[in-house]
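What follows is a set of notes on a single structure, which appears directly below.
The values are calculated or read from the model by the stated rules, or taken from the named source; none is laboratory data. Remember, predicted model here, so these are calculated numbers, not experimental data. Surface areas here come from the heavy atoms of the whole protein model, side chains and all, with no ligands, DNA or RNA. Shrake-Rupley method; radii C 1.70, N 1.55, O 1.52, S 1.80 Å.
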Amino acid sequence: MPTISKKELEDYQQLCKDRNNGRILTPDGLRLVCEGLNKDPEAIGKHFLEVLARFQASEKR
(Lines give C-alpha, C1' and ligand atoms only; values in the text may rest on other atoms or scores of the structure.)
Protein backbone atom coordinates (compact mmCIF):
# COMPACT_ATOMS: atom_id res chain seq x y z
CA MET A 1 0.00 0.00 0.00
CA PRO A 2 1.53 3.37 -1.02
CA THR A 3 2.10 6.02 1.59
CA ILE A 4 2.88 9.70 1.36
CA SER A 5 5.55 11.66 3.12
CA LYS A 6 4.90 14.19 5.85
CA LYS A 7 5.76 17.03 3.42
CA GLU A 8 3.27 15.70 0.84
CA LEU A 9 0.57 15.53 3.52
CA GLU A 10 1.30 19.14 4.56
CA ASP A 11 1.13 20.26 0.92
CA TYR A 12 -2.21 18.47 0.49
CA GLN A 13 -3.61 20.06 3.65
CA GLN A 14 -2.51 23.51 2.42
CA LEU A 15 -4.20 22.84 -0.93
CA CYS A 16 -7.43 21.88 0.87
CA LYS A 17 -7.21 25.02 3.02
CA ASP A 18 -6.67 27.19 -0.07
CA ARG A 19 -9.58 25.50 -1.86
CA ASN A 20 -11.89 26.04 1.11
CA ASN A 21 -10.91 29.73 1.33
CA GLY A 22 -11.43 30.39 -2.38
CA ARG A 23 -7.76 30.87 -3.20
CA ILE A 24 -7.59 28.52 -6.18
CA LEU A 25 -8.05 30.22 -9.53
CA THR A 26 -10.08 28.21 -12.02
CA PRO A 27 -10.08 28.82 -15.77
CA ASP A 28 -13.54 30.37 -15.44
CA GLY A 29 -12.31 32.62 -12.64
CA LEU A 30 -9.35 33.74 -14.72
CA ARG A 31 -11.64 34.43 -17.67
CA LEU A 32 -13.91 36.51 -15.42
CA VAL A 33 -11.02 38.62 -14.15
CA CYS A 34 -9.69 39.18 -17.67
CA GLU A 35 -13.11 40.14 -19.02
CA GLY A 36 -13.74 42.43 -16.05
CA LEU A 37 -10.50 44.27 -16.73
CA ASN A 38 -11.19 44.54 -20.48
CA LYS A 39 -8.34 42.11 -21.23
CA ASP A 40 -5.82 44.86 -20.45
CA PRO A 41 -2.56 43.06 -19.57
CA GLU A 42 -1.29 45.90 -17.40
CA ALA A 43 -4.51 46.08 -15.37
CA ILE A 44 -4.63 42.28 -15.00
CA GLY A 45 -1.02 42.19 -13.78
CA LYS A 46 -1.64 45.02 -11.33
CA HIS A 47 -4.74 43.26 -10.00
CA PHE A 48 -2.91 40.00 -9.37
CA LEU A 49 0.03 41.75 -7.71
CA GLU A 50 -2.42 43.50 -5.36
CA VAL A 51 -4.13 40.19 -4.56
CA LEU A 52 -0.74 38.60 -3.86
CA ALA A 53 0.19 41.45 -1.51
CA ARG A 54 -3.08 41.00 0.41
CA PHE A 55 -2.49 37.23 0.76
CA GLN A 56 1.05 37.77 1.98
CA ALA A 57 -0.08 40.41 4.48
CA SER A 58 -2.81 38.12 5.86
CA GLU A 59 -0.35 35.20 6.19
CA LYS A 60 1.99 37.32 8.33
CA ARG A 61 -0.72 37.98 10.89
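Numerical summary
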| item | result |
| --- | --- |
| Inverse mean reciprocal Cα-Cα distance (Kirkwood Rh) of the chain, Å | 13.9 Å |
| Percent accessible area from carbon and sulfur atoms, the chain, protein chains only, probe 1.4 Å | 57 percent |
| Accessible area per residue, Å², the chain with all protein chains present, probe 1.4 Å | 92 Å² |
